[in-house]
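S.K.: The structure's right below; bear with me while I get my questions together.
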Ligand code: NAD
Ligand code: UDP
């Protein structure tokens, strides 16, 4: 298939391009580079042994997308493009609604115009809010505690309604848990701008000497060691989940939702320990107050993806931290190293 990957220069998108090409698909990337570097795609090309077809464009620009679909015989779309920082979304909510909701609306209308009927959308476990219990199943109640989460809920709903109105359309909503790790080559990985919000890139920057210590946000949660528990999933497993989703859903109308997680929860201190072991570096940390809006535990029941997509995460915590460390230590300044 020829697959349009929006946001394909970003963290998850770049890894997914590699897995799509490895599975025999053609890829064309649209990205406005607002949170990515073209260098990532050059490295993806080097890993795959072929240049990546790249168009620098904004998904909110109908005419630009229209031209992409006119010039490429796109069979299906994987839609990563969007803004993803929870804290920032509370400061500039309108930018989040514009990028994430309006951008997705424009993409769906251009797909409709060109009769492209297969879409895989990047949703998030954040749509479960503070779950009443774990592990989390896809039929759990949905809620959002910040504008970022709200945009994911709105786009999910827009997708369900668009499928209900168009019997030819096939959309898969993938709810990711906590993507971490990097390609085993150490050539591509997560390259956050400024101070990382997420745990794993923050730990990696402490290990490499860019930051003095990790602030652990709370040790009084109802978890085995009191620190927050999450379902960390290797980005390459996640990327392969997209290949499975697009291959299974192409040509089969309907809207389907899957958790992409491992089903296994690890605490903040588990992650610190595993990273220190993999890197051979001490990870100094201080326990500080809880981060507003955080929840105690969040991990997936990944059964549905196993049953329907024949996909399950395979990579261990050790591979997640070792691969992150290889990327971080080879590229201490990310793509600008
Ligand atoms: P990322 O920021 O690395 O990738 C997103 C890409 O989209 C970037 O390359 C950015 O330049 C591009 N982009 C943003 N707005 C655009 C626009 N209007 N037009 C064109 N390109 C645009 O983020 P990521 O971690 O790879 O996340 C990809 C998707 O997965 C996002 O939708 C995110 O919300 C979702 N997601 C991520 C996580 C996570 O923890 N990384 C968890 C759950 C869901
Ligand atoms: N966390 C932390 N210090 C940090 C960043 C995160 O203690 O600098 C904790 C956070 O409270 C949560 C876990 O690490 O328990 C994962 O946080 P992240 O922001 O990576 O993911 P999310 O909260 O979105 O699941």
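The values are calculated or read from the model by the stated rules, or taken from the named source; none is laboratory data. Bear in mind the structure is a predicted one, so any value in this text is a computation, not a measurement. Cβ placement follows ideal geometry from the backbone for every residue including glycine, while neighbour counts extend to all protein chains displayed.
S.K.: Restricting the search to region 88-140, which residues are more than 18 Å from residue 57 (Cα to Cα), within 9 Å of ligand 1 (Cβ to nearest atom) and out of contact with any strand residue (DSSP E or B) (no Cβ under 6 Å at 6 or more places or on another chain)?
M.R.: Selection gives 122, 126.
S.K.: Pick out the one residue from 46, 40 that is touching a helix residue (DSSP H, G or I) at 6+ places or on another chain (Cβ under 6 Å) and in contact (Cβ under 8 Å) with a residue 60 or more places away in the chain. Spell out how you get there, then give the answer.
M.R.: On the way: 46 fails: touching a helix residue (DSSP H, G or I) at 6+ places or on another chain (Cβ under 6 Å).
It is 40.
S.K.: Kindly provide the set of residues from region 7-24 that are in a loop (DSSP other than H, G, I, E, B) and in contact with a helix residue (DSSP H, G or I) (Cβ under 8 Å, 6 or more places away or on another chain), ordered by number.
M.R.: Restricting attention to region 7-24, the residues satisfying the condition of being in a loop (DSSP other than H, G, I, E, B) are 7-10, 23-24.
Across region 7-24, the qualifying residues are 7, 8, 9, 10, 23.
S.K.: With the requirement that a residue be more than 9 Å from ligand 1 (Cβ to nearest atom), assigned to a loop (DSSP other than H, G, I, E, B) and buried (at least 21 other Cβ atoms within 10 Å of the Cβ), what does region 26-64 give you?
M.R.: Residue satisfying the conditions is 52 alone.
S.K.: Are any of the residues in region 222-243 assigned to a loop (DSSP other than H, G, I, E, B), away from ligand 1 (no atom under 16 Å from the Cβ) and either closer than 21 Å to residue 149 by Cα or at pLDDT below 95 (or both)? Write out each step before concluding.
M.R.: If we filter region 222-243 for residues that are assigned to a loop (DSSP other than H, G, I, E, B), which is where we start, we get 222-228, 231.
Filter once more, keeping what is away from ligand 1 (no atom under 16 Å from the Cβ): 222-227.
Checking which are either closer than 21 Å to residue 149 by Cα or at pLDDT below 95 (or both) leaves us with none.
No - not one qualifying residue is present in region 222-243.
S.K.: Could you tell me which of the residues 204, 245, 239 is in contact with a helix residue (DSSP H, G or I) (Cβ under 7 Å, 6 or more places away or on another chain) and more than 29 Å from residue 158 (Cβ to Cβ)? Outline the logic, then answer.
M.R.: Details: 245 fails: more than 29 Å from residue 158 (Cβ to Cβ); 239 fails: more than 29 Å from residue 158 (Cβ to Cβ).
Going through 204, 245, 239 in turn, the sole match is 204.
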